[in-house]
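Notes to accompany the following structure.
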Number of protein chains: 4
Amino acid sequence: MTETTPGWLSPDELEYARDRMPILYVEAVPVRVDDSGEVTSIGLLLRIGSDGTVSRNLVSGRVLHHERVRDALLRHLEKDLGPMALPQVPASLQPFTVAEYFPTQGITPFHDPRQHAVALAYIVPVTGDCRPRQDALDLVWFSPQEASEALVLSEMPGGQGVLLRQALAHVGCLS
Amino acid sequence: MTETTPGWLSPDELEYARDRMPILYVEAVPVRVDDSGEVTSIGLLLRIGSDGTVSRNLVSGRVLHHERVRDALLRHLEKDLGPMALPQVPASLQPFTVAEYFPTQGITPFHDPRQHAVALAYIVPVTGDCRPRQDALDLVWFSPQEASEALVLSEMPGGQGVLLRQALAHVGCLS
Amino acid sequence: MTETTPGWLSPDELEYARDRMPILYVEAVPVRVDDSGEVTSIGLLLRIGSDGTVSRNLVSGRVLHHERVRDALLRHLEKDLGPMALPQVPASLQPFTVAEYFPTQGITPFHDPRQHAVALAYIVPVTGDCRPRQDALDLVWFSPQEASEALVLSEMPGGQGVLLRQALAHVGCLS
Amino acid sequence: MTETTPGWLSPDELEYARDRMPILYVEAVPVRVDDSGEVTSIGLLLRIGSDGTVSRNLVSGRVLHHERVRDALLRHLEKDLGPMALPQVPASLQPFTVAEYFPTQGITPFHDPRQHAVALAYIVPVTGDCRPRQDALDLVWFSPQEASEALVLSEMPGGQGVLLRQALAHVGCLS
């Protein structure tokens, strides 16, 4: 992908926009469900920063110009989980919450030093085989119990641990 | 099934309860979705009454004593669509709406002469092969456009046409 | 109120129904909000049991035969918070979650030894003066932070602490 | 307000952004409710275009850089309904739907020739006195029945009539 693709911004253009507007994001919480729809595990991306710090992340990314929210979801799910994950993008666009990431800390539980990002957040069951691509090392599955433990949450940057807990609450798995 | 099965009522017991309490129901709108989750068609059960009248119905039924809402959904989906329908029961129990059927007409858009029923309503994508069982003749798939037309809606008894339109609105397919 | 009022059950009738059917409930989380709608505090009813144990509760109660969900909400809010609480019953009946209380422990996080109850749960801003009536001693207001602390949650019976946390998650106040 | 205010864009900057990114909007459906929360009327802004055409609109506007969604809602409600409208901004940021306006027609039911806008849509009860300001002539209240009639819907540009019907469906007033 280069900046000539419609909907993509050059680094300079993105920088320019980030200083002036909220940037629209989608975030997906990948889950495994049983036959009755109950969540049995939650998938978190594992990344190692350039300084060696471990971070765990939800699937997340920008919505591009002229791209539907559901196409953005599908694109980021494929980018982060690989082409065989078989995600079930929800039939309704009603998100379970809206997460507001501010460059200033303390306005909301969410923080992104680069920008003011507003993310539509969805629960997405995946039934296929997940193979992280891009910069993620691995996708690790946690039980709802494990996912809500302090250690995991502390490894999720920018308040994504709060968003994960909101997702667990929404699916009735917050203990 | 007989009245000795836990959670099942004899006809007399059900009659007794219906005169005294709201009865909890689940209702499911079976849909086909494309890869991006967008609804491409809606399935309606076709029934012919003893007097020859055609009616079209959503999947619907009671929640039994000691039965989880998601198990009731699964049971009624299997009962109405057959064992190969592969329904995707939602991960969250938050319904898109609650439909209140009163024995008296005009209190809400919903009416059930037998009882006061309160239904939790869900959109349920199905990916398998639907074979109506029980008393339904057929499951007919409609495009969102067709499903919102007056003729179809007029064949849905008790206000289920209103519920169908609420479902179409929720998935962004109300034209 | 006596058992001759339509919609009310005698103790025997209620006992009978509770052994045979799920009982429909509504639950309300009373909150104070600021001008922008953000929750600033959460109200919990304080009750002292016959054995001296302290319990904290959400507003909760049955939906009666031939009663609308929103009228049941209003009735229980008035019963528990007094006639001057000025509750803002939501315009949409879509609950933020459905809580399933089973007489058997461990099926869901919710437990009610008396019955299988299914509760539609709503956030309800109140702007007036709350004066608990009936058996509650007091209505105590907590900040979102305080409300999510372990001590408070441990005083909420039957899993209502989980429901409170789901409510806090839904309004973006789960820390 | 001038372009030097943080979060505001000059006309050129806005033009630049609109060509490159989805622009985040909020939309509010102002309603009157009765004590039980049921919607009794819906408020639509009446505008007369420079060519004399009548249009009816929901409350709508951009979210600015570093502005919370709920503050953007409050600002646009005050801008469009005046300072005495006393809007009840929802406690939860979960919108009833997300409306995607594309500059190209036919991708979704929503169309905005100027831009790709993604709007978080909320139902907002107002209890005070509404005095349209800015370019709106008047705020006209309709019953749910009137609001869903074809004439009114046909006067709502860009698919806002569809969004209004989604709102009516969400509050159980779609007939």
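The values are calculated or read from the model by the stated rules, or taken from the named source; none is laboratory data. Please read these numbers as outputs of a predicted model, since none were measured by experiment. Neighbour counts are summed over all protein chains in view; Cβ atoms, including those assigned to glycine, are modelled from backbone coordinates with ideal geometry. Note: areas computed on protein heavy atoms with side chains; ligands, DNA, RNA excluded. Shrake-Rupley method; radii C 1.70, N 1.55, O 1.52, S 1.80 Å.
Quick notes
- Within region A:117-138, being in contact with a strand residue (DSSP E or B) (Cβ under 9 Å, 6 or more places away or on another chain) and either acidic (Asp, Glu) or at the interface with chain D (Cβ under 7 Å from one of its Cβ atoms) (or both) holds for A:Val118, A:Leu120, A:Asp135, A:Asp138.
- Here the condition is being touching a Gly at 6+ places or on another chain (Cβ under 9 Å) and in a loop (DSSP other than H, G, I, E, B); of A:Thr108, A:Thr104, it holds for A:Thr108 alone.
- Here D:His170 fits the description: within 14 Å of chain B (Cβ to nearest Cβ) and either at pLDDT below 95 or touching a Ser or Thr at 6+ places or on another chain (Cβ under 7 Å) (or both).
- Test: B:Val54 is away from chain A (no Cβ under 12 Å), β-branched (Val, Ile, Thr) and in contact with a Pro (Cβ under 6 Å, 6 or more places away or on another chain): no
- Per the conditions (1) away from chain A (no Cβ under 12 Å); (2) more than 12 Å from the chain's Cα centre (by Cα), the sole criterion not satisfied by B:Gly61 is (2).
- Here region D:24-49 is the region considered, the condition is being open to solvent by 10 Å² or more (accessible area, probe 1.4 Å) and small (Gly, Ala, Ser), and the residue that is modelled with the lowest pLDDT is D:Gly49.
- Residues being over 30 Å from B:Ala99 (Cα atoms) and either open to solvent by 40 Å² or more (accessible area, probe 1.4 Å) or part of a helix (DSSP H, G or I) (or both) - total across region C:144-175: 12
- Residue in region B:112-121 that is open to solvent by 40 Å² or more (accessible area, probe 1.4 Å) and closer than 26 Å to A:Val124 by Cβ present: no
- Figure legend. Inter-residue proximity from region D:34-48: first residues within 18 Å of D:Pro90 (Cβ to Cβ) and without any contact (Cβ under 8 Å) to a residue 12 or more places away in the chain, second residues acidic (Asp, Glu) and surrounded by 15 or more Cβ atoms within 10 Å (Cβ to Cβ), beta-carbon distance below 7 Å, spacing 6+ or different chains. Indicated pairs: D:Ser36/C:Asp71.
- In region A:74-87, the qualifying residues are those that are over 19 Å from A:Val171 (Cα atoms) and outside any loop (DSSP other than H, G, I, E, B), and the one that is nearest to the other protein chains (Cβ to nearest Cβ) is A:Leu74.
- Number of positions in region C:122-138 that are of a type in the set (A, V, I, L, M), over 30 Å from B:Val26 (Cβ atoms) and open to solvent by 20 Å² or more (accessible area, probe 1.4 Å): 1
- Test: D:Val124 is touching a residue at least 24 places away in the same chain (Cβ under 8 Å), part of a strand (DSSP E or B) and either of a type in the set (Asp, Glu) or touching a helix residue (DSSP H, G or I) at 6+ places or on another chain (Cβ under 8 Å) (or both): yes
- Flag for C:Gly106 being at positive phi and under 15 Å from the mean Cα position of the chain (by Cα): no
- Only listed residue being charged (D, E, K, R), out of contact with any helix residue (DSSP H, G or I) (no Cβ under 8 Å at 6 or more places or on another chain), closer than 30 Å to A:Asp19 by Cβ and part of a helix (DSSP H, G or I), chosen from D:Asp71, D:Asp135: D:Asp71
- Qualifying positions in region D:64-87 - within 15 Å of the chain's Cα centre (by Cα), open to solvent by less than 50 Å² (accessible area, probe 1.4 Å) and without any contact (Cβ under 8 Å) to a residue 40 or more places away in the chain: D:Arg70, D:Leu74
- Hey, A:Pro103 buried (at least 21 other Cβ atoms within 10 Å of the Cβ) and either under 17 Å from D:Ala121 (Cβ atoms) or in contact (Cβ under 8 Å) with a residue 12 or more places away in the chain (or both) or not: no
- Restricting attention to region B:95-116, the residues being more than 9 Å from every other protein chain (Cβ to nearest Cβ) and under 17 Å from C:Pro95 (Cα atoms) number 0.
- Put simply, of A:Gly61, A:Gly52 the only residue that is in a loop (DSSP other than H, G, I, E, B), surrounded by fewer than 20 Cβ atoms within 10 Å (Cβ to Cβ), of a type outside the set (Asp, Glu) and free of Cβ contacts under 8 Å to residues at least 60 places away in the same chain is A:Gly52.
- Number of positions in region C:88-99 that are assigned to a strand (DSSP E or B) and without any contact (Cβ under 8 Å) to a residue 40 or more places away in the chain: 1
- Residues in region D:10-47 that are closer than 19 Å to D:Ala147 by Cβ, of a type in the set (D, E, K, R) and not in a strand (DSSP E or B) were compared, and the one that is farthest from the other protein chains (Cβ to nearest Cβ) is D:Asp34.
- Test: A:Val140 is of a type in the set (Val, Ile, Thr) and assigned to a helix (DSSP H, G or I): no
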